[in-house]
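Beneath this line is the structure, given in structure tokens, with notes to follow.
The values are calculated or read from the model by the stated rules, or taken from the named source; none is laboratory data. Note that the structure is predicted; figures quoted are calculated from it, not measured. Cβ placement follows ideal geometry from the backbone for every residue including glycine, while neighbour counts extend to all protein chains displayed. Surface accessibility is based on the protein's heavy atoms, side chains included, excluding ligands, DNA and RNA. Shrake-Rupley method; radii C 1.70, N 1.55, O 1.52, S 1.80 Å.
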Amino acid sequence: MVILLMSIQSFAQKAADPVLEKMPVKLETDFALSSLPPQLRPGATVYLLDPAKGYYAARKGSNGFICFVMRTAWEWAEFRKDVYTAISYDAEGTRTIFPVYMDAAAMRASGKFTALQVRNIIIDKIKKGIYKAPARPGISYMLAPVMRTYPAKPDQHEVMTMEMPHYMFYAPYLTNDDIGNIPDGQADFPLLVNPEAMFLGKRKAPYGYIIVPKGEKERAKIVADNKELLKQLADYRPYLKVKNG
């Protein structure tokens with residue numbers, strides 16, 4: 001029994017898990033803000049990540065929007081150090097969805113939980129109604145010129161660096177059938193994405209999004225307008241370099 005308990009404790013604090021590094025403050029701030037349309041950036045609240053503690057409000061805003069760089073995609077139940085995704089939320093997303101990212105980051109930072117335990121805790125809190133679905137329609141802007149994350153479902157663990165500026169509209173409990181994108185939503189857009197449905201079941205997952213990408217010309221303009229940011233990101237981490245950046 002003693003050996004078993006020691007093994008469990010050792011597993012919960014795996015030394016092999018990659019440790020997140022703190023991004024340079026200006027780079028992280030600029031990357032987070034790039035997720036928003038230019039007119040919303042001056043009044044947005046910016047959250048930065050302290051890898052030893054979690055997210056903190058580095059700049060308080062006034063327009064109800066927040067932005068941050070997601071470093072832990074909790075649904076995939078693995079701790080990586082090469083996930084970088086700039087996300088923003090309106091006031092409703094800030095109230096109902098962002099707390100999940102806050103808690104995932106804090107649990108990871110504590111060193112007391114495995115990635116699987118983090119996912120299980122979050123799923124349990126969703127089932128118990130501690131984490132709630134958005135109560136009204138709303139939007140998450142993801143207009144950054146680059147992101148590095150998982151392009152598929154949580155049973156696939158490859159990450160990719162992508163140019164995909166897009167809009168995400170809250171669509172709790174919906175499926176691709178509901179929006180007419182069938183059979184699996186992968187053929188074209190708009191697309192319904194809801195990774196936690198794999199664990200909660202069809203029409204039981206509160207954090208679905210209808211995704212609408214920017215057009216080809218608009219996407220090219222975003223990349224061109226963020227040329228300096230892209231250079232800085234690629235210099236910081238070469239795997240953040242986009243093919244046209």
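The table below gives the values:
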| item | result |
| --- | --- |
| Which numbered condition residue 138 misses (of (1) in contact with a Phe, Trp or Tyr (Cβ under 6 Å, 6 or more places away or on another chain); (2) farther than 22 Å from residue 65 by Cα) | (2) |
| Residue check, residue 239 within 22 Å of residue 94 (Cα to Cα), within 20 Å of the chain's Cα centre (by Cα), aromatic (Phe, Trp, Tyr) and modelled with pLDDT of 95 or more | no |
| Every residue from the stretch 120-142 that is touching an Asp or Glu at 6+ places or on another chain (Cβ under 7 Å) and either in a strand (DSSP E or B) or basic (Lys, Arg) (or both) | 136, 139 |
| Hey, residue 200 farther than 26 Å from residue 21 by Cα and open to solvent by less than 40 Å² (accessible area, probe 1.4 Å) or not | yes |
| Test result for residue 132, basic (Lys, Arg), open to solvent by 20 Å² or more (accessible area, probe 1.4 Å) and touching a helix residue (DSSP H, G or I) at 6+ places or on another chain (Cβ under 7 Å) | yes |
| Test result for residue 127, over 16 Å from the mean Cα position of the chain (by Cα), within 17 Å of residue 75 (Cβ to Cβ) and not aliphatic (A, V, I, L, M) | yes |
| Considering residues of the stretch 135-175 that are touching a residue at least 40 places away in the same chain (Cβ under 8 Å) and of a type in the set (Asp, Glu) only, the residue surrounded by the fewest Cβ atoms within 10 Å (Cβ to Cβ) | 155 |
| Wholly enclosed helices (runs of 4 or more DSSP H) of the stretch 1-119 bearing at least 1 residues among the β-branched types (Val, Ile, Thr), open to solvent by 30 Å² or more (accessible area, probe 1.4 Å) and at pLDDT 95 or above | 25-33, 91-96 |
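Let's see how each residue does on (1) in contact (Cβ under 8 Å) with a residue 24 or more places away in the chain; (2) in contact with a Ser or Thr (Cβ under 6 Å, 6 or more places away or on another chain):
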residue: 46; (1), (2): no, yes
residue: 51; (1), (2): yes, no
residue: 56; (1), (2): no, no
residue: 62; (1), (2): no, no
residue: 67; (1), (2): yes, yes
residue: 70; (1), (2): yes, yes
residue: 77; (1), (2): yes, no
residue: 84; (1), (2): yes, no
residue: 89; (1), (2): yes, yes
